[in-house]
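The values are calculated or read from the model by the stated rules, or taken from the named source; none is laboratory data. Everything numeric in this text was worked out from a predicted model, so none of it was measured. Because the Cβ atoms are built from the backbone with ideal geometry, glycine has one as well, and the counts that use them run over all protein chains shown. SASA here: full protein model, heavy atoms, side chains in, ligands and nucleic acids out. Shrake-Rupley method; radii C 1.70, N 1.55, O 1.52, S 1.80 Å.
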Amino acid sequence: MLYPLAETTECDFKRELETKKPKSWLKSVSAFANGIGGKLIFGIDDSGEIVGIIDAQKSAEAISDLIKTRITPTPQFILTLEKEQEKSVLILTIEAGRATPYYYKADGIREAYVRIGNESIVAPDYILNELILKGKNQSFDALTSDVKKEDYSFTLLEATYYERTLLKMEPKDYFSFCLADKKGYLTNAGRLFADQYIVYNSRVFCTRWNGLEKGSVFDDALDDKEFEGNLIYLLRSASDFIKNNSKVRFYKDVEYRVDKPDYAERAVTEALVNALIHRDYIVLGSEVHIDMYDDRLEISSPGGMFDGKAVQEHTIADIGSMRRNPVIADLFHRMKFMERRGSGLKKIISETEKLPGYNESLKPIFYSDGSSFRVILKNVNYGTTKVSDKVSDKVSDKLNEKEKCFFNVLMTLAKQHDFVTTKVVAEAAGMPEATTRRYLAKFSKMDIIVSDGKNRSKKYYLKNTSMTEANP
């Protein structure tokens, strides 16, 4: 068997079986059962060296007994014996549990553990609460509150539902969509879609920073907004903030203009929807954060991946649909704010790949840990503003239609070659060489191009041959 080179989220090494201090390894049993499962390998030290375990049969019996007496409820586990370098290694495989939380209990202590990186830590209150809901096969958004539907309005929800589906939202839909129960009490999802601000954690903080790093909001923020309340309002307000702090550049091709937005609009929408749908609303005092920098956009939300595994350890194409808030997700899906379930991250990547100027270095980044999820979209225009893009605006109002067509051809050739000649430009523009020389002379006087050489050997260059400069 091949062993991991080091301890990971799903693997823990133990040099020997501690029976007098079993908490040293039983906390990992609790953490694995509360998460995505994992392995405890006895007979390997922290460096990964195989040292073996003495009396494997006795150790196996002790492991089984201690799990059954110290972990409640008892998780599913398998014990196997491996021989490596003539040494015995015990492998304890813990299955991801359904009856969460799984507690370690002894000496009056009752603690649930979770895995963060390669460590097993006591579950914070908000994670413990989520584990309790998960064990009951419930979700936060489906829980019924003590708030009556008749005391609040849902104008924005009903208007948006009609706008996007062409269907009127009927009173019975509130029950069928799990926004309220039969007695008229709102679920937490219903509270999040009310016009009034009645869920304190339903907030989005937006900041456009000056430069590449965070600073003081008072000194280093170019724009700063806080939004709170209805989820649809948050989505639209956050989208508008990003749009208002983004640019759509363009370059002129031979026959048409190509728009070059900083970010793909659909990718931004998917990232925002993902943050609002899958965030953990149990975390008190939490909110979604949008931080815009010169070179990137970061959207951070409370709560890691619902399956407990870090997103960077997943293959994005293989991530299935596991929803922390299925009621909210279902309603967003009905209103066509999101496509089929489980496709959001793939959509963010595919939409970004369609942007003019995209390359592999601009691929979106996803990162999560036990308490947060972050999407990083890179500004495809950062550091790539073309000189030809800028001179387009400089000369546009000074040219007639024929000269504009010629200019577009010249700029296209300038992007493709280090220099151009009269003959090359004339052939591309479909003009006589005499007319081409006259136009080239005009652009030289306008300080757009410079020439080198004489007569037929004359070469033309853009005034700034570096061709690139940092974004303003």
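Couple of notes before you dig in:
- A P(r) calculated from all alpha carbon pairs of segment 72-153, with 10 Å bins opening at zero, reads 14, 32, 26, 16, 8, 3, 2, 0 percent.
- Share of pairwise Cα-Cα distances greater than 33 Å in the chain is 56 percent (whole percent).
- Reachable lysines, given that their alpha-carbon falls under 22 Å from the alpha-carbon of K20 and they are not under 8 places away in the same chain: K39, K58, K68, K105
- Pairs from K23/K87; K27/K87; K378/K402; K148/K347; K404/K454; K21/K87 whose Cα-Cα separation, in the structure shown, is over 28 Å: K378/K402; K148/K347
- Computed over segment 1-75, the P(r) curve from all C-alpha pair distances, binned at 10 Å from the origin, holds 19, 52, 28, 1 percent per bin.
- Considering only beta bridges that DSSP places wholly inside the chain, some 85 percent are antiparallel.
- Cα long-axis angle, helix 265-278 against the chain (0 to 90 degrees, to the nearest 10): 20 degrees
- Counting only protein heavy atoms and a 1.4 Å probe, the chain has 51 square angstrom of accessible area per residue.
- Point-to-point label distance, A434-D151, nm (Cα→Cβ direction, 7 Å offset): 8.8 nm
- Helix 23-34 axis, angle to the chain major axis (alpha carbon atoms, nearest 10°): 60 degrees
- Of all stretches in the chain that contain no GluC sites (Glu not before Pro) in a DSSP loop with at most 12 other Cβ atoms within 10 Å, the longest one is 256-472.
- In sequence order, calculated HN-Hα J values of segment 197-206 (Karplus, 6.51, -1.76, 1.60; Hz; x Gly/Pro): 8, 10, 10, 4, 7, 7, 9, 9, 9, 10
- Coil-residue chymotrypsin sites (Phe, Trp or Tyr not before Pro) of segment 176-237, DSSP, other Cβ within 10 Å capped at 16: Y197, Y200
- Apolar share of the accessible surface for the chain: 49 percent from carbon plus sulfur atoms, 1.4 Å probe.
- Each Lys and Arg adds +1 at its Cβ and each Asp and Glu adds -1 at its Cβ; summed about the Cα centre, the chain shows a dipole of about 1640 debye.
- Degrees between helix 125-135 axis and first principal axis of the chain (Cα, 0 to 90, nearest 10): 70 degrees
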